[in-house]
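Please read the structure below before turning to the comments.
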Amino acid sequence: MASAYAVLSTSHLSAGAAVNELLNIGNGNTSCCLTSSVVGRRIRQFLVPKLKSNSRKRRGVVKCGIEDFIGGDLVKFDLGRWLNDVEEHKSLAIYTPHEGGYEGRYLTRLRYQGYKFLDLSARGLGDPETTLTKIHPVCPAHLGRQPIARWYFPPEVDYRLSLLPPDAKGLVVWVLEAKVLSKAELQFLALLPTLRPKVKVIAECGNWRKFMWKPLKEIAGLSANEAATSYTSTTV
């Protein structure tokens, strides 16, 4: 009778307190003695529901999008916005992930639209205005006892524009490592599509966690009025 009363009296306690009470009963702290089967049954009664509730609380909800099923790293859902921004702003500053490779899908989509590409590196480019739009001198490296020569090359952009096939939509000047360019040089690249209407400019200005882009005029600090003033002074 005393053992039954001891077992029933633990029903109002928490799981940990009930186990301690049962163990104390078995240790002789109370006037009754419980068998091991009764103690085990009471422990299972208190602990098993508690463990199940804790395991249910730890379960998280995983949200999956369509990118997880068809390959989000292969299919880019912002390619339509990319094409619209290229046509609207004509010059963009892009930021690519450090591991690289993502910008190739955006380049390929422009190629599908009929654009041809002129890939340049900002390191060693010199003055962008002179190199891209004017006849410019180049001094080749001499080997020892040789005279220092100076060769003249045609404007890179104008020369490529003259070689475009009739079905080409335009020329994309893709500038690598444009983060080393000064603000004045970025401003000229932003204004280049205004000087050459069939030209679009894409400048790699840095890195980010994902592929993103902004108007190059915004990065170069050009407003609409400043761009119009710069274009007028350049044409005059």
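The values are calculated or read from the model by the stated rules, or taken from the named source; none is laboratory data. Being a predicted model, the structure only gives us computed values, none of them experimental. Positions of Cβ are generated from backbone atoms using ideal geometry, with glycine treated the same way; all protein chains shown enter the neighbour counts. With ligands, DNA and RNA removed, areas are computed over all heavy atoms of the protein, side chains included. Shrake-Rupley method; radii C 1.70, N 1.55, O 1.52, S 1.80 Å.
Points worth noting:
- Test: residue 177 is farther than 23 Å from residue 78 by Cβ, under 22 Å from the mean Cα position of the chain (by Cα) and modelled with pLDDT under 95: yes
- Scanning segment 155-164 for residues that are open to solvent by 50 Å² or more (accessible area, probe 1.4 Å) and farther than 24 Å from residue 187 by Cβ yields 162, 163.
- Scanning segment 92-148 for residues that are of a type in the set (Asp, Glu) and surrounded by 14 or more Cβ atoms within 10 Å (Cβ to Cβ) yields 103, 129.
- Selection from segment 179-195 of residues that are among the hydrophobic types (A, V, I, L, M, F, W, C), under 13 Å from residue 125 (Cα atoms) and surrounded by 19 or more Cβ atoms within 10 Å (Cβ to Cβ): 181, 186, 189
- Restricting attention to segment 202-229, the residues that are of a type in the set (Gly, Ala, Ser), assigned to a helix (DSSP H, G or I) and either at pLDDT 70 or above or buried (at least 17 other Cβ atoms within 10 Å of the Cβ) (or both) total 1.
- Among residues that are in contact (Cβ under 8 Å) with a residue 60 or more places away in the chain, in a helix (DSSP H, G or I) and of a type outside the set (D, E, K, R), residue 107 is included.
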